[in-house]
1. Could you please put Val45, Val68 in sequence from largest to smallest accessible area, using a 1.4 Å probe?
2. Pull up all non-local amide H partners of Thr25: gap of 5 or more, or a different chain, and H-to-H distance under 5 Å with H placed in the peptide plane.
3. Compute the length gained on full extension between Ser59 and Ile46: take 0.36 nm times their separation in residues and subtract their Cα-Cα distance, giving the result in nm to one decimal.
4. What nm distance separates the two modelled labels at Ala30 and Lys93, each placed 7 Å from Cα along Cα→Cβ?
Amino acid sequence: MDNKNNTYLIPANSKKSMLILGFFTGFDLALFLTGLGITIIFLLVIKSSNLLVMVGLLSPALLAAFLVAPVPNYHNVLTLIQNIYRFYTGRKKYYWRGWCARYESAKSNSTNSK
């Protein structure tokens, strides 16, 4: 069936196919591998049997794993934190331009309302 009017609806989950394994971007994997690499270097260099020191040595990998962990409606925690930060620090007035109806400029709207 051919849609000649180009009125396609894109499924909400269509961007998931652009992610690695359906969850990660390249930056997410680089962040996780960096945290994992730093943790491995720490574990090889620093020898300790103290529990608090071991938690400190594991913290880069744990932090990176927390940031790239998937959460509902966002592909990971890092994206959620970035969106929360942008919401509270960014523009507070949002402009809506509907995509279902024809767009009319503000000038034509002001002349029609007089």
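1. Val45, Val68
2. Distant-sequence amide H within range of Thr25: Ile20.
3. 3.3 nm
4. It is 3.8 nm.
The values are calculated or read from the model by the stated rules, or taken from the named source; none is laboratory data. Every value quoted in this text rests on a predicted model; they were computed, and no experiment measured them. Here Cβ is always computed from backbone atoms with ideal geometry, including for glycine, and neighbour counts include all displayed protein chains. Remember, those area values only see protein heavy atoms, side chains included, never the ligands or the DNA or RNA. Shrake-Rupley method; radii C 1.70, N 1.55, O 1.52, S 1.80 Å.
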